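Report on the structure given below.
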Amino acid sequence: MDIENNYRFIHLLYVPTMACNMACKYCYLEDNTKDEWYNTKPLDTLEYAVNKFFKSNIIPFNISLHGGEVTTLSKKDFGEIIEYISNYYKDNRMLIESNGFKIGSPHIKTNLYDIDKHIETIKKYNVSISGSIDLPLKLHDEYRVTKNNEKTLDKILENIKLLESLPNKKKVSATIFKEHFNLDEIIKDIKYLHEETCLDMNDFNFMIGFDYNSNGLLHHISEEEQLELFNKMKETFINTELEEGLKNAWFQEFGPGYCTNCSNCGEKFFLLEKNGDIYSCVRGQKQRNFYYGNIYNNSPEEIMKTAFDKIYEAHNKLPFNEECSKCKYLYLCKTGCPFVKNTYNTNKSYTCKLQQELYKYWGYDKDIDNKETVYNYVSKMHQDEIIKYYPEQKTTDHKDLDELIEEDEKLKYIYDSNCFILKVEDEEYNLSSQILKGIRQIIYINEKTEINLYIKNDLLDQVCDYPNNNALYMMLLSGDTIKYGDEKRTKQAHIMTHQIYKGVLEQNKSDKMGYFKVNINTILKNYYKYLSKTNPSNLFFTTTSLRDYHYTKQKNNAYYHIDSINLPFQNIEFYLIGGSTNVEEKSRNI
Amino acid sequence: MLKKNPETYNEIKTVSNILKITEHYHVSEEFLDEAYDFIVENDKNSIKCLKTIIHFVGADGTNVKTFTVDNVFGGIDGMVITKSSLTIVPHYTPYTYSSGSGGSSSNNNNNNNNNNNNNH
């Protein structure tokens, strides 16, 4: 992003016509392949949208054409749009490239059936072409037919010959469903297209079909079959002329540079139809949940916000997948395409295994300690789950606290979240170490609040030779801070410590099995007047022995000292209301 | 500001919690009133305030109502409010992005011009 001008860069797929000259049996657009906006010139909407986006500092870094079928446009309309895109790239090259995006030639996605009609424009503007075919080719004529049910392969192969003399980038892609899953035939046809046509099959794309609206005709391949496809291609094409394609373009759809691997693709990818409607992409086209608005009726800001919100919502139909939270490649995958996830009612990528295999093949590092990645992801895309995935603070140059705790059995009890339960009136809080939990839990109490503490009854036996000399150790700190020591470090002011020996705790009746119980509100009450009136105060619990062990460990170990520089014990923060605290005054002044 | 004038200890607790929202988010007076009413309606109701959204979460854990907001004052990644307690999620500062595997990977430039539908 250009910080100074606050530009946002988007990928814009323009559909200048919904009309199509073919009637592929599995077309995702079904009955929508007809042009109903006869009175609007195809260029007008694109020009209007680009100008409107520009005024809002939203810059398309790529404008590609998609259908319908773009070659059904008249020569004039097609030529005008291509000329416009070509000039757009020329005029904005510096802005786009200086923000890290590459500029190519005008690009079209086509079925190649009527491409001969536009060959002059294609030549003149060096139009880059991406054609769709079915592999094995013998299935092409079965599925990809004209509206009169005529075969199309021969004409398409003839059209490909027309491209031979052009220097333009020309490629094809094929979608693999179960019905296409004849790997030997696919290999044979890839070789044929590479050797016998002008297509450079190093620049070919595999896509994996998903059967959301293929009229029940086609079925998706399993994750194991996806792997089989990749492995068979690897086995066949390694050390051949097509090795480059295998390593790069063929499976790029599953790589991190592709739209399906964005955290929120609604920030960057848009499909614009001639009538001004904006959708997420071709997958979401004509789908209500992926409709972002209309460029003639909505502001770019509204469209961008709707896009982000709808994609967020799509990713949140189901909770964040636990497997993804453990995956070392989450940083590349981001859980996959929201449209497909919603279609399959799943919360992980439908090509998960294939992606993992490809990441290994491409040499991506594993994000071994992925907790930060997970948190970054959920804090953007599954905000509901930030508490669950809040990471411990990490250090870069030495062992983390959790590792040190794991290595020292005696430290465990200082940090255990099952040792203390605080019952405030009727509500119970399991207390955990403030260092480990990261998040802050704050409650409200007043002088009359009933507060009971439950202590696991074997806790006083831990790290202690003479448990009868051991005690529950409570520390009360004010929310107000003081400076102390030569270094003038700021910390919360200690108000009191209080110890209750094991022999006393044993005599109290407890209503919780395995725990001692002690009422502490009468103890705390004596100190309420010393507490902060503005900031949450802090109450810590441990035992005398554990506290001693903590400070001994600190004295002898620099890393532990650094990692537990603040009090590590189980705690709760609270506001005191009543008397003359600011909180209460603030409430009264409402 | 809130229409509710707190008198009892419980009301003060709840109002204090609701007012915490204003420390981190731009919200309307109507929103605060609605939030207060929602929280007192059921002891198990809660309000989750996150980076870009605020959820009213019902007793059964489902989101009853969602608002999109700007976490304008920063400093936190979120907070959860119940009738009697407040949980604050401090802003997490990453310790590293230095390695090749640290989570800010792809720029998603998608210059490969292959933004196709699978069934086309």
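What the table below lists for this structure:
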read-out: Hits in the range B:1-23 (condition: under 13 Å from the mean Cα position of the chain (by Cα), buried (at least 19 other Cβ atoms within 10 Å of the Cβ) and part of a loop (DSSP other than H, G, I, E, B)); value: none
read-out: Boolean, A:ASP203 is buried (at least 18 other Cβ atoms within 10 Å of the Cβ) and touching a His at 6+ places or on another chain (Cβ under 9 Å); value: no
read-out: For A:LYS348: the one exception among (1) surrounded by 17 or more Cβ atoms within 10 Å (Cβ to Cβ); (2) of a type in the set (D, E, K, R); (3) assigned to a helix (DSSP H, G or I); value: (3)
read-out: Sole exception among (1) touching an Asp or Glu at 6+ places or on another chain (Cβ under 8 Å); (2) within 26 Å of A:ASN298 (Cβ to Cβ) for A:ASN62, by number; value: (1)
read-out: Per-region count, the range A:269-286, residues modelled with pLDDT of 95 or more, within 13 Å of another protein chain (Cβ to nearest Cβ) and open to solvent by less than 10 Å² (accessible area, probe 1.4 Å); value: 5
read-out: Flag if A:GLN499 is open to solvent by 50 Å² or more (accessible area, probe 1.4 Å) and in contact with a helix residue (DSSP H, G or I) (Cβ under 8 Å, 6 or more places away or on another chain); value: yes
read-out: Condition met for A:GLY257 (farther than 21 Å from A:PHE101 by Cβ and small (Gly, Ala, Ser)); value: no
read-out: Residue in the range A:417-430 that is touching a strand residue (DSSP E or B) at 6+ places or on another chain (Cβ under 9 Å), modelled with pLDDT of 95 or more and more than 27 Å from A:GLY578 (Cβ to Cβ) present; value: yes
read-out: Residue identified as more than 14 Å from chain B (Cβ to nearest Cβ), crowded, with 18+ Cβ neighbours inside 10 Å and either on the phi > 0 side of the Ramachandran plot or in contact with a helix residue (DSSP H, G or I) (Cβ under 8 Å, 6 or more places away or on another chain) (or both) among A:ASN342, A:ASN316, A:ASN321, A:ASN289; value: A:ASN342
read-out: Selected residue [within 9 Å of chain B (Cβ to nearest Cβ), open to solvent by 30 Å² or more (accessible area, probe 1.4 Å) and farther than 25 Å from A:TYR279 by Cβ] from A:ASN370, A:ASN376; value: A:ASN376
read-out: Residue tally, condition over 15 Å from A:ILE186 (Cα atoms), basic (Lys, Arg) and open to solvent by 100 Å² or more (accessible area, probe 1.4 Å), over the range A:120-175; value: 6
read-out: Single condition A:TYR88 does not satisfy, out of (1) within 14 Å of chain B (Cβ to nearest Cβ); (2) surrounded by 15 or more Cβ atoms within 10 Å (Cβ to Cβ); (3) over 23 Å from A:TRP250 (Cβ atoms); value: (1)
read-out: In the range B:52-70, the residues that are more than 12 Å from chain A (Cβ to nearest Cβ) and surrounded by fewer than 18 Cβ atoms within 10 Å (Cβ to Cβ); value: B:GLY58, B:ALA59, B:ASP60, B:VAL64, B:LYS65
read-out: Residue ID - farthest from A:ASN264 (Cα to Cα), chosen from residues in the range A:351-392 that are aliphatic (A, V, I, L, M), touching a residue at least 12 places away in the same chain (Cβ under 8 Å) and assigned to a loop (DSSP other than H, G, I, E, B); value: A:ILE368
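The values are calculated or read from the model by the stated rules, or taken from the named source; none is laboratory data. Everything quoted here is computed from the prediction, not taken from an experiment. Cβ atoms come from the backbone with ideal geometry, glycine included; neighbour counts cover every protein chain shown. Note: areas computed on protein heavy atoms with side chains; ligands, DNA, RNA excluded. Shrake-Rupley method; radii C 1.70, N 1.55, O 1.52, S 1.80 Å.
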